[in-house]
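Participant: The structure follows.
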Amino acid sequence: MSSISDVQIDHDDHHHAPPKGLMRWVLTTNHKDIGSMYLWFSFAMFLTGGAMAMVIRAELFQPGLQFVEPNFFNQMTTVHGLIMVFGAVMPAFTGLANWLIPMMIGAPDMALPRMNNWSFWILPFAFAILLASLFMEGGGPNFGWTFYAPLSTTYAPDSVALFVFSVHIMGISSIMGAINVIVTIMNMRAPGMTYMKLPLFVWTWLITAFLLIAVMPVLAGVVTMVLTDKFFGTSFFDAAGGGDPVLFQHIFWFFGHPEVYIMILPSFGIISAIVPAFSRKKLFGYASMVYATASIAGLSFIVWAHHMFTTGMPVQAELFFMYCTMLISVPTGVKVFNWVATMWRGAISFETPMLFALAFIVLFTIGGFSGLMLAITPVDFQYHDTYFVVAHFHYVLVSGAIFSIMAACYFWLPKWTGKMYDEGLAKLHFWCSLISVNVLFFPMHFLGLGGMPRRIPDYALQFADVNAIVSLGGFAFGLSQLIFLAVVIKCIRSGEPATAKPWEGAEGLEWDLLPAKAPYHSFSTPPEVK
Amino acid sequence: MSQAHDNYYVPAQSIWPIVGAVGLFLIASGAGFTVQQLDSEQGWGVWVLSLGVVVIIAMLFGWFGNVIQESMSGLYSEQMDRSFRQGMSWFIFSEVMFFAAFFGALFYARMIAVPWLGGASNNAMTAEVLWPEFEAIWPLIKTPDGTTTQAMGWMGLPLINTLILVTSSITLHFAHVGMEKDQRKPLKLWLFITLVLGFAFLVLQVEEYIHAYQEMGLTLDSGIYGNTFFLLTGFHGMHVTLGVIILTVMFLRILKGHFTGKQHFGFMAASWYWHFVDVVWLLLFVFVYIL
């Protein structure tokens, strides 16, 4: 607790150097410290969720039941999904936002630094509760990360109560983080940093933050209804009491579809920073990028029921959601076009961030196209709940979101640490990841088209060979990520000193105005932006 | 945007966020265990939950205490005031979306789920085979599985409560005007009247719940009508309770001489929150009670 005099002393000397020891991290209000904690937490969760994926792939290596019980298999698919969505991808983006947005807009810190600390520190507790529920009597959540009723109500284990409350905390954390980002961007920009001068990463996060504030409360609402249905005798999702299980899906996907853009819009911002830097050209079509991002966000609110084509809707509604969904490919196409046009006749070099960005553009587009296929109502009847869907969303989330996060880490590591990473080792990480991710997810398309259902621990014999290949790709992808850990640790401990602007084509306040290692407080007076 | 900042103000480290994180952890896990133990003999979950509530209350006192001290000693700039205002607005927007989820459930139940159960759309045969007796009406006083209840009318208590809450919004506005003109007497008077109205609303709401449970057989588990009724009015009631607590704190701070006509973010945030709660009630009154 700080009395007034402490506060004034701190205020006067601006506490330039970080305090020492563990309490620095527990009490910090510094956006860089909090950003680092988000990123490390995200990586820890990435490995945890990844370990669960390894269990899934080990079980699916051969037909029949080898290693785990079906109920445990279900818990693995469920918690793998929850951890990767809420524990790995979202915190990684929030960590990047914390590190980068204040530097990019010329602000001293986030607008609400103490709330920033709170938003981070409730996350580890939320995941402690979620993971602990795996060890409870009756097991942890086993109803899929989408927790459809009545799997999560009538047929759920008792630990669903812990699941509900841990999701509440994750939601509170995301909402506070998003409020902080949005207020920082709206209120803390340096003089002259007008909206249409903002780097695209800042723009995409502004829109992402809006989506988060709009839909995380809806998630809180739907988990609350699950809780009351399970424990307090309500029947929101039970036809016998006048409710409807399909109601669950409507509310969930009203949250869920904007949620998938929450996990990809910041990627667009990252790629829009990296591609121009290594093409040594300005980004093609800046304004159209901003409008495309906003259009995608707007459309995300009216497409949710494309996840539910097979669950009961009038045909007119299915057509509406089909056309709206296909409409999203227009602004997304604008983005991909702009990235390619940025590279056109550029002096391209292929350092690791650029390699990941290029892989992102190609693989995310594949994921986008399979999404377009899934959007077509009549064919979705065949693809629904098969491995085709699994292939689709892993292409956009792993080789999309995760690859962009990797690209961002390599791109900004020199600014974060003041040191260069080992380019050779990083390239090894890239090529291992690129090959294994395709061995892992591309054959899943064929499994799905062949009719293999998702979330089942056993399968028909004709799928055996392809599943074995997929599993090998999975193990290879999992191991490859340990190289990433090695690169980061080596960079921090013994990297070569970096220059203030290690990428000659890079643009932005963080490269132009700050030294090689960004100081603990970047801007104590606002820079002038021309 | 006026950019009149000289040196940025970066607040000092604080112990309160981590205290709050531990508090939320205790509340969440405690609530989880409490709910699981509803039908069992064990009851220690409640103790974890209560401990969490105590920790959070301590955190609120400590954290707000710090902020008030810092604000009173003039550490805050105009820019920070804007940050607080914008943060509060976005928080209220998130609350709007929270209620939207429950209103969405209500509209879906009324427009789709219940008519479909009665055979609308292409469900004629399903209704005939599963629940031939079922009548699709709203308020749904008899569910498909036969639970019966009564509908809550809008005359009487709900109407009185609506008048009370609307009046309280108006009196709070008068208080706000008093604050802005630095007229402390009308400020205190109008705020006090607002508080009395807020308490009155809560008392009457409890009265209504007792009436519903004991005389009407309208309970939380009496089908989708009771579900939506109690979750919507219940969450609204919780927000009114929080609003009354916040306004009480504001009243005590005003008695101590806090705030000026130009600087009164805390009071303004409280008043925004109260108006928001009032608007939610008006929607509730229309869609839950009248229609």
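Participant: Can you name the condition, by its number, that residue B:148 falls short on among (1) at the interface with chain A (Cβ under 8 Å from one of its Cβ atoms); (2) under 28 Å from residue B:204 (Cβ atoms); (3) more than 26 Å from the chain's Cα centre (by Cα)?
Facilitator: Result: residue B:148 passes all but (1).
Participant: What is the number of the single condition among (1) part of a loop (DSSP other than H, G, I, E, B); (2) in contact with a helix residue (DSSP H, G or I) (Cβ under 6 Å, 6 or more places away or on another chain) that residue A:179 does not meet?
Facilitator: Result: residue A:179 passes all but (1).
Participant: Quick one: which residue in A:240, A:209, A:220 is part of a helix (DSSP H, G or I) and within 17 Å of the chain's Cα centre (by Cα)?
Facilitator: After ruling out the rest, the residue left standing is A:209.
Participant: On the given criteria, is residue B:201 in contact with a Leu (Cβ under 8 Å, 6 or more places away or on another chain), part of a helix (DSSP H, G or I) and among the aromatic types (Phe, Trp, Tyr)?
Facilitator: yes
Participant: Which condition breaks for residue A:347 when tested against (1) part of a loop (DSSP other than H, G, I, E, B); (2) buried (at least 17 other Cβ atoms within 10 Å of the Cβ)?
Facilitator: It fails just one condition, (2).
Participant: Considering only region B:51-68, I want to know if a residue exists there that is among the polar types (S, T, N, Q) and either in contact (Cβ under 8 Å) with a residue 40 or more places away in the chain or in contact with an Asp or Glu (Cβ under 9 Å, 6 or more places away or on another chain) (or both).
Facilitator: For region B:51-68, residues among the polar types (S, T, N, Q) and either in contact (Cβ under 8 Å) with a residue 40 or more places away in the chain or in contact with an Asp or Glu (Cβ under 9 Å, 6 or more places away or on another chain) (or both): present.
Participant: A further question on this structure: Only one of (1) buried (at least 17 other Cβ atoms within 10 Å of the Cβ); (2) more than 23 Å from the chain's Cα centre (by Cα) fails for residue A:305. Which number is that?
Facilitator: Of the numbered conditions (1) buried (at least 17 other Cβ atoms within 10 Å of the Cβ); (2) more than 23 Å from the chain's Cα centre (by Cα), the odd one out for residue A:305 is (2).
Participant: Test residue B:93 against the criterion of being in contact (Cβ under 8 Å) with a residue 40 or more places away in the chain and part of a helix (DSSP H, G or I), and give yes or no.
Facilitator: no
Participant: Quick check on my filter: what residues within region B:125-147 are assigned to a helix (DSSP H, G or I) and not small (Gly, Ala, Ser)?
Facilitator: B:125, B:126, B:128, B:129, B:130
Participant: A follow-up question, please. Among the candidates B:165, B:187, single out the residue that is under 22 Å from the mean Cα position of the chain (by Cα) and assigned by TED's automatic domain parsing to the domain that holds residue B:114.
Facilitator: That would be B:165, the only listed residue that is under 22 Å from the mean Cα position of the chain (by Cα) and assigned by TED's automatic domain parsing to the domain that holds residue B:114.
Participant: Within region B:121-142, identify whether any single residue is buried (at least 17 other Cβ atoms within 10 Å of the Cβ), closer than 23 Å to residue B:205 by Cα, of a type in the set (A, V, I, L, M, F, W, C) and touching a Gly at 6+ places or on another chain (Cβ under 9 Å), and answer yes or no.
Facilitator: Yes.
Participant: Okay, moving on. Being loosely packed, with under 14 Cβ neighbours inside 10 Å and away from chain B (no Cβ under 14 Å) is the filter here; which residues of region A:500-530 pass it?
Facilitator: Correct list: A:504, A:512, A:515, A:530.
Participant: Here is a follow-up. Taking the options A:136, A:76, A:115, name whichever one is surrounded by fewer than 22 Cβ atoms within 10 Å (Cβ to Cβ) and free of Cβ contacts under 8 Å to residues at least 40 places away in the same chain.
Facilitator: A:136
Participant: So for region B:206-217 (the condition being surrounded by 15 or more Cβ atoms within 10 Å (Cβ to Cβ) and under 19 Å from the mean Cα position of the chain (by Cα)), does at least one residue qualify?
Facilitator: So far as region B:206-217 goes, yes, one or more of its residues are surrounded by 15 or more Cβ atoms within 10 Å (Cβ to Cβ) and under 19 Å from the mean Cα position of the chain (by Cα).
Participant: Scanning for something more than 14 Å from chain B (Cβ to nearest Cβ) and on the phi > 0 side of the Ramachandran plot, does region A:274-286 turn up at least one residue?
Facilitator: Yes, the conditions are met somewhere in region A:274-286.
Participant: Something else about it: Out of the residues in region B:148-198 that are touching a residue at least 40 places away in the same chain (Cβ under 8 Å), outside any helix (DSSP H, G or I) and of a type in the set (S, T, N, Q), state the one that is surrounded by the fewest Cβ atoms within 10 Å (Cβ to Cβ).
Facilitator: B:148
Participant: What's the number of the only condition in (1) within 25 Å of residue A:70 (Cβ to Cβ); (2) in contact (Cβ under 8 Å) with a residue 12 or more places away in the chain that residue A:465 fails to meet?
Facilitator: Result: residue A:465 fails condition (2) only.
Participant: Let me confirm something: among B:172, B:197, B:220, which residue is within 14 Å of chain A (Cβ to nearest Cβ) and within 20 Å of the chain's Cα centre (by Cα)?
Facilitator: Every option except B:220 fails the conditions.
Participant: Does residue B:102 satisfy the condition of being within 10 Å of chain A (Cβ to nearest Cβ) and under 30 Å from residue A:192 (Cβ atoms)?
Facilitator: no
Participant: Report the residue count in region B:63-82 for those that are under 23 Å from the mean Cα position of the chain (by Cα) and within 11 Å of chain A (Cβ to nearest Cβ).
Facilitator: 1
Participant: Consider residue A:201 carefully, then state whether it is assigned to a helix (DSSP H, G or I), modelled with pLDDT of 95 or more, farther than 25 Å from residue A:164 by Cβ and more than 8 Å from chain B (Cβ to nearest Cβ).
Facilitator: Considered against the rule, which asks whether it is assigned to a helix (DSSP H, G or I), modelled with pLDDT of 95 or more, farther than 25 Å from residue A:164 by Cβ and more than 8 Å from chain B (Cβ to nearest Cβ), residue A:201 comes out as yes.
Participant: Can I ask one more? Which residues, counting only those in region B:31-48, are more than 10 Å from chain A (Cβ to nearest Cβ) and within 20 Å of residue A:165 (Cα to Cα)?
Facilitator: B:42, B:43, B:44, B:46, B:47, B:48
Participant: Could you tell me whether any residue of region A:91-106 is in contact with a helix residue (DSSP H, G or I) (Cβ under 7 Å, 6 or more places away or on another chain), of a type outside the set (Phe, Trp, Tyr) and part of a loop (DSSP other than H, G, I, E, B)?
Facilitator: Yes, some residue in region A:91-106 is in contact with a helix residue (DSSP H, G or I) (Cβ under 7 Å, 6 or more places away or on another chain), of a type outside the set (Phe, Trp, Tyr) and part of a loop (DSSP other than H, G, I, E, B).
Participant: I'm trying to understand the selection: among the residues of region A:375-389, which are closer than 12 Å to residue A:449 by Cβ and assigned to a helix (DSSP H, G or I)?
Facilitator: Answer for region A:375-389, where residues must be closer than 12 Å to residue A:449 by Cβ and assigned to a helix (DSSP H, G or I): A:379, A:382, A:383, A:387, A:388, A:389.
Participant: So, of the residues in region A:19-41 that are buried (at least 16 other Cβ atoms within 10 Å of the Cβ) and free of Cβ contacts under 8 Å to residues at least 60 places away in the same chain, which turns out to be farthest from residue B:21 (Cα to Cα)?
Facilitator: A:33
Participant: Out of the residues in region B:250-270 that are without any contact (Cβ under 8 Å) to a residue 40 or more places away in the chain and outside any loop (DSSP other than H, G, I, E, B), which is farthest from residue B:207 (Cα to Cα)?
Facilitator: B:252
The values are calculated or read from the model by the stated rules, or taken from the named source; none is laboratory data. Fair warning: this is a prediction, and the values are worked out from it, not measured in the lab. Counting neighbours? That spans all protein chains shown, and the Cβs are built from the backbone with ideal geometry, glycine included.
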